[in-house]
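Take a look at the structure below.
The values are calculated or read from the model by the stated rules, or taken from the named source; none is laboratory data. Note that the structure is a prediction, hence the values are computed from the model and not measured. No Cβ is skipped: glycine too gets one built from the backbone with ideal geometry, and neighbour counts run over all protein chains shown.
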């Protein structure tokens, strides 16, 4: 079997999703399964749907198009604000999109009229993480204008935390989102069917027993795929953390000095890394690199220590010389998974 390859255990992903869907349902919260880290894999999308997620979300319209082309039957949401240049594609393939700019909603309205479709919109609110979002003071005005666009249906409001600045979802900011939903319904009449509180970082809050208020949706990706929460990267009880395994092949195995010689400048990625002289070591080179994966996001197996990486090579130290052609398995964090799924040089092997 070719290497490097990413082995994907669908049964473990489905177990993770089913477990969290059940736990959150007890709190009155549905799950949107986020497929962006899996590059819109139809197999993974189907596993999430089999587990009971309420719909699928992705940040790239290309991934949604892939799932549509594979006949994945689900409500699909574009969870990144649409580009003006992709308005027609968004309306054609996404049922709902998250939005913060009225100019974009206007373009979606024109595309929806042309396609004779109604497009759903969720307005994203800024609650402190300083990524995307309408300021709270401007939300009523944005709602009023959104309601005036033909072929656009306001489905709800949402927010995103912990992705840019690491601001944690908590009782205060979730209560603020609930209060904003109440105020919109009070002014315009009951209309908000979706109040989306955030992503996998919301799990600690959502499952803590705190009042969930109006929050009735979470967008989960990392927790379903990797079984951990994003704030501290701690495993979630009862979930699998090894649904994905990266396999790389040894292409060189030699005893070499641990310290380079000659004048040292920056490496290929602009880094200068201090290295301690530990004498000769068993150094192994694997045929995978920065172009394929985030090396810092790999968990090495026992007896192997990560030393460095270039575009195409991963260098490790092993207790014993490893034979050329041997395969080494690594677990991945979210950053490593995203890059490995995106790389065309990493074969994806789906195990059911």
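Test residue 110 against the stated conditions and say whether it is more than 14 Å from residue 81 (Cα to Cα), assigned to a helix (DSSP H, G or I) and assigned by TED's automatic domain parsing to the domain that holds residue 64. Steps first, answer last, please.
Details: more than 14 Å from residue 81 (Cα to Cα): yes; assigned to a helix (DSSP H, G or I): yes; assigned by TED's automatic domain parsing to the domain that holds residue 64: yes.
Considered against the rule, which asks whether it is more than 14 Å from residue 81 (Cα to Cα), assigned to a helix (DSSP H, G or I) and assigned by TED's automatic domain parsing to the domain that holds residue 64, residue 110 comes out as yes.
Inspect all residues belonging to the stretch 324-341 and state whether any of them is in a loop (DSSP other than H, G, I, E, B) and closer than 29 Å to residue 62 by Cα. Yes, because at least one residue in the stretch 324-341 is in a loop (DSSP other than H, G, I, E, B) and closer than 29 Å to residue 62 by Cα. Checked against (1) part of a helix (DSSP H, G or I); (2) surrounded by fewer than 17 Cβ atoms within 10 Å (Cβ to Cβ), residue 225 passes all but a single condition, namely (2).
Scan the stretch 243-257 and tell me whether some residue there is surrounded by 18 or more Cβ atoms within 10 Å (Cβ to Cβ), under 24 Å from the mean Cα position of the chain (by Cα) and not in a strand (DSSP E or B). Scanning the stretch 243-257 turns up at least one residue that is surrounded by 18 or more Cβ atoms within 10 Å (Cβ to Cβ), under 24 Å from the mean Cα position of the chain (by Cα) and not in a strand (DSSP E or B).
You will find that of 108, 147, the residue that is within 18 Å of residue 59 (Cα to Cα) and in contact (Cβ under 8 Å) with a residue 40 or more places away in the chain is 108 and no other.
Looking only at the stretch 259-280, residues that are at pLDDT below 85 and at positive phi come to 1 in all.
On the basis of being closer than 28 Å to residue 11 by Cβ and surrounded by 13 or more Cβ atoms within 10 Å (Cβ to Cβ), does residue 304 make the cut?
On the way: closer than 28 Å to residue 11 by Cβ: yes; surrounded by 13 or more Cβ atoms within 10 Å (Cβ to Cβ): yes.
Answer is yes for this residue.
Given the conditions (1) buried (at least 21 other Cβ atoms within 10 Å of the Cβ); (2) out of contact with any strand residue (DSSP E or B) (no Cβ under 8 Å at 6 or more places or on another chain), and given that residue 179 satisfies all but one, which numbered condition is not satisfied? For residue 179, the exception is condition (1).
With 174, 191 as the choices, which residue is assigned to a helix (DSSP H, G or I), closer than 27 Å to residue 210 by Cα and touching a helix residue (DSSP H, G or I) at 6+ places or on another chain (Cβ under 8 Å)?
Values: 191 fails: assigned to a helix (DSSP H, G or I).
The match here is 174.
Restrict the check to the stretch 200-215 and report whether at least one residue is under 22 Å from the mean Cα position of the chain (by Cα) and in a loop (DSSP other than H, G, I, E, B).
Looking only at the stretch 200-215, we keep the residues that are under 22 Å from the mean Cα position of the chain (by Cα), and these are 200-207, 215.
Within this subset, residues satisfying the condition of being in a loop (DSSP other than H, G, I, E, B) are 207, 215.
Yes - at least one qualifying residue is present in the stretch 200-215.
Please state which one of 292, 280 is closer than 21 Å to residue 315 by Cα and buried (at least 21 other Cβ atoms within 10 Å of the Cβ). Give the steps one after another, and end with the answer.
Details: 280 fails: buried (at least 21 other Cβ atoms within 10 Å of the Cβ).
Answer to the selection: 292.
Could you check, for the stretch 96-106, whether at least one of its residues is surrounded by fewer than 22 Cβ atoms within 10 Å (Cβ to Cβ) and within 22 Å of the chain's Cα centre (by Cα)? Yes, because at least one residue in the stretch 96-106 is surrounded by fewer than 22 Cβ atoms within 10 Å (Cβ to Cβ) and within 22 Å of the chain's Cα centre (by Cα).
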